[in-house]
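Peer 1: Right, I'll just put the structure down here and ask away after.
Nothing in this text is a laboratory measurement; each read-out follows from the coordinates by a stated rule. Quick caveat, the model's predicted, so the values are computed rather than measured. Methodologically, a virtual Cβ is constructed for each residue, glycine included, from the backbone with ideal geometry; neighbour enumeration extends over all protein chains shown.
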Amino acid sequence: MTTVDGEIRLLANCVVGLGFSAAGFRRGLERHPHLVGCDAGSADFGPGFLGTGRDSKSPISVRRDLRIMIEGAHEVGCPVVIGSCGGAGARSQLLGTADIVQDILRARGIKANVALVHADLDRSLLHTAVDEGRTRPLGMFPDLTHDDVEASVNIVAMMGAGPITKALDAGADIVLAGRCADPAIYAAQAMRLGAPAHLAWHASKCIDKGYLATTEPSAGSLVLATIRADHFDVEPTKEGARCTVATVARTAMYENADPFLIRQPSGDIDVTEARYEQIGDAVRVRGSAFRPASPSVKLEGARLAGYRSILLVGMRDPRVLARLDEFLERYEGLLHRIARSLDIAQGDYRILFRSFGRNAVLGDIEPAVDHVPNEIGLVVDVVARTQEIAGAIVGRAAPTGSRLDVVGGVGSGGNFAYPFSPSSMHLGPVHEWSVWHVMDVRDESEPFSVELVEA
Amino acid sequence: MATLVEVARIVKSANAGAAWLTFDIECDDAQALARVSAALRSDLDALAARLGGAAAHISLFEIGALNSIKISVPRRHPACGQDERDFDGLQQFIPLLDLEVP
């Protein structure tokens, strides 16, 4: 280690824009961390944020969280690294976060070097990789084609420690990274300061979900990793918070298909032999390994699937609910007939009924389908080639379904209770993952670029 | 016979990226874990049917330090498409709860 006291201390937060304990952060600062880090993104909530380029969190929340972290890090003189800025880590989101950071620096009179690490993929690089057979799908996704690349509105690569190391080496006080592997936020600085790769990576993996490594995530404690020669400790920084062997070990295995081998662009974090020991409110960890591999980066791309309009209604009549399948089948037929009457081609839209209270969550694996629900929330979900087409079909869905008489006697009454006015909602573009692949690269930093900006 | 929800302390699910779903089951002790593990492994086809996947694609990992077992399966459909029901996969564990554990 190249630090004065032979320790490397990494102060970790959970997600920018989800809040955290300011008091816990202050106590973390008292430990003089060598880095303040926080993730800002996730692909878990779908491709919509990558597709639209919109930020997934409220700018009001993002500003609060960033301000506290930037001021604190400036006070103790350590860098701040924010990963996957704006949710998906695409250019527009990175620039949006940079604007907020510049505002904070101006308002507080802080001079700082800011680095933006761009993760948007140059399509020609990806076309070449497809030609050279250097891409492979994850899970059930099909092989990547040139058409998939061209159909994508945005494609990002997920960076490891390499590009963040470059930004820190260039003198950045604040590193705003595009799409980024969570542990890389911390591992880059740890390795710059001389931590061995296995300790740097595993410690980073244990803290990269912030307060999720504590027994009470809702308390919003940050967590501090202290790396020493042959082990690291993970501890909460908020008074009264606690890390346990279970909470720390679980965090490192969370969100991975294989809990023992956690893939990073430069190799695998292997926690098969890791040993965890409870020491007060902290956990001491040793025994993991890092297995370098030929470099590869994960790619995420989004394509436009259409535009969505929905109708949300309540259904309560037990006679209709007892015959819901028949009701929905006839309802769908009527909506198709209306579409034909409007000269809308069948290939230009699709209709999906989501019956909340029955099987909207689990679909065809729902085990409890034998009883008639008390009530359901029915979402008539239409995705069409244009917003106008989706709106036209959904606009006819309310009267058509409300008057559809499967039991006799609806007459001038209706099947639907409307909670909202207007009852139709036009939700805009819908995206799908077009790219969910891994690309082999010569150098893990190759797809990324570091831009230093004045502040 | 006891069911999984009675034997295990934690049963939960989440995405492991958009291509995979993972199910984490934690028990209080090694003995309970052994029972759960045996029950899950006794009929992988039945397990796959509950999770809506194919037995050949199921991976099971036992984590002794946590008395836990992780099940990983590829998502049934390309994840997060326009017909997605549960983007983050957090409610997909429900069909496991009444699995019989001898």
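Peer 1: Run down the aspartates and glutamates and flag those whose C-alpha is under 12 Å from the C-alpha of residue A:166, throwing out any fewer than 8 positions away in its chain.
Peer 2: Within the straight-line limit of under 12 Å, residue A:166 reaches these aspartates and glutamates: A:444, A:446, A:451.
Peer 1: Additional query: Can you run phi through the Karplus equation (6.51, -1.76, 1.60; θ = phi - 60°) for the range A:64-72 and list ³J(HN,Hα) in whole Hz, with x for Gly and Pro?
Peer 2: The phi angles translate into 4, 5, 5, 4, 5, 5, 5, 4, x Hz.
Peer 1: Using 17 Å as the cut-off for backbone N distance, which residues of the range A:7-34 belong to the label zone defined by a point 7 Å from the Cα of residue A:239 along Cα→Cβ?
Peer 2: The answer is A:21-31, whose backbone nitrogens lie closer than 17 Å to the label point.
Peer 1: Pick out, in residue order, every one of the trypsin sites (Lys or Arg not before Pro) in the range A:39-119 that is DSSP loop and has at most 12 other C-beta atoms within 10 Å; say none if there are none.
Peer 2: Answer in residue order: A:111.
Peer 1: Tell me the Kirkwood hydrodynamic radius of the range B:1-59 in angstroms, computed as one over the mean inverse distance between distinct C-alpha pairs.
Peer 2: Roughly 12.4 Å, rounded to one decimal.
Peer 1: Report ³J(HN,Hα) in whole Hz for each residue of the range A:75-92, in order, from the Karplus equation J = 6.51 cos²θ - 1.76 cosθ + 1.60 where θ = phi - 60°; Gly and Pro get x.
Peer 2: For the range A:75-92, the Karplus-derived couplings read 4, 9, x, 10, x, 10, 10, 10, x, 6, 4, x, x, 9, x, 8, 3, 5 Hz, x marking Gly and Pro.
Peer 1: How many Cβ atoms of partner chains, on average, are near each residue of A:242-253 if near means within 10 Å of its Cβ?
Peer 2: Mean shielding by partner chains, rounded to a whole number: 2.
Peer 1: For a quick check: sort A:418, A:307 by the number of other beta carbons within 10 angstrom, fewest at the front.
Peer 2: Listed from fewest to most nearby Cβ atoms, that is A:418, A:307.
Peer 1: Please go through the residue pairs A:209/A:238; A:111/A:238; A:298/B:12; A:57/B:12 and name each one whose alpha carbons sit more than 23 Å apart in this structure.
Peer 2: The pairs that break the limit, which is 23 Å between Cα atoms, are A:111/A:238; A:298/B:12; A:57/B:12.
Peer 1: When you count, for each residue, the other Cβ atoms within 10 Å and take the mean per peptide, how do A:442-450, B:29-37, A:38-46, A:155-163 rank with the highest first?
Peer 2: Ranked by mean Cβ neighbours within 10 Å, highest first: A:155-163, A:38-46, A:442-450, B:29-37.
Peer 1: Now, a different point. Using the Karplus curve 6.51 cos²θ - 1.76 cosθ + 1.60 with θ = phi - 60°, work out ³J(HN,Hα) for each residue of the range A:258-264 in order, rounded to whole Hz, and write x for Gly and Pro.
Peer 2: After applying 6.51 cos²θ - 1.76 cosθ + 1.60, I find 10, x, 9, 10, 10, 6, 10 Hz.
Peer 1: To continue, here is another question. Can you tell me how the range A:317-416 classifies by the Cα gyration tensor, rounded, prolate or oblate, using a/c under 1.5 as the rounded cut?
Peer 2: Since a/c reaches 1.5 but b/c is at least a/b, the shape of the range A:317-416 is classed as oblate.
Peer 1: Let me ask something additional. Could you run the Debye sum over the Cα atoms of chain A, one equal point scatterer each and no solvent, and tell me log10 of I(q)/I(0) at q = 0.07, 0.13 Å⁻¹, two decimals?
Peer 2: One equal scatterer on each Cα of chain A leads to -0.44, -1.11.
Peer 1: How many Cβ atoms of partner chains, on average, are near each residue of A:36-47 if near means within 10 Å of its Cβ?
Peer 2: For peptide A:36-47, the averaged partner shielding equals 3.
Peer 1: As a test of the formula, what do you get for chain B when each DSSP H run with n ≥ 4 contributes -39,500 (n - 2.57) and the sum is divided by the residue count, at 222 nm and rounded to the nearest 500 deg cm²/dmol?
Peer 2: -6500 deg cm²/dmol
Peer 1: Further question: For B:9-19, what's the mean count of beta carbons from other chains sitting within 10 Å of each residue's beta carbon?
Peer 2: Mean shielding by partner chains, rounded to a whole number: 5.
Peer 1: Starting from 0.36 nm per residue, how many nanometres of slack lie between residue A:372 and residue A:440 once their C-alpha separation is accounted for?
Peer 2: Net length gain for the segment: 19.3 nm.
Peer 1: Separate question: Which of the peptides A:213-223, B:4-14 is most tightly packed, and how do the rest follow, judged by the mean count of other Cβ atoms within 10 Å per residue?
Peer 2: A:213-223, B:4-14
Peer 1: Would you mind checking the range B:28-53 for residues with the amide N under 14 Å from a putative spin-label position 7 Å along Cα→C-beta of residue A:365?
Peer 2: Counting backbone N atoms under 14 Å from the label point, the list is B:44-53.
Peer 1: Would you compute, from DSSP H runs of 4+ residues alone, the mean residue ellipticity of chain A at 222 nm, taking -39500 (n - 2.57) per run and dividing by the full residue count, rounded to the nearest 500?
Peer 2: So the helix-based figure for chain A works out to -9500 deg cm²/dmol.
Peer 1: Among B:49-59, A:249-259, how do they line up by average Cβ neighbours within 10 Å per residue, starting with the highest?
Peer 2: A:249-259, B:49-59
Peer 1: Loop-only check: which chymotrypsin sites (Phe, Trp or Tyr not before Pro) in the range A:326-430 are DSSP coil with at most 15 other Cβ within 10 angstrom?
Peer 2: A:420
Peer 1: Here is a further query. Can you sort A:320, A:76, A:248 by how many other beta carbons sit within 10 Å, fewest first?
Peer 2: Fewest-to-most ranking of A:320, A:76, A:248: A:76, A:320, A:248.
Peer 1: With r as the distance between the Cβ atoms of residue A:319 and residue A:346 and R0 = 30 Å, compute the FRET efficiency 1/(1 + (r/R0)^6) and round to 0.05.
Peer 2: After rounding to 0.05, the efficiency reads 0.45.
Peer 1: Which ordering of B:20, A:433 is given by a fewest-first count of other beta-carbon atoms within 10 Å?
Peer 2: Ordered by Cβ neighbours within 10 Å, fewest first: B:20, A:433.
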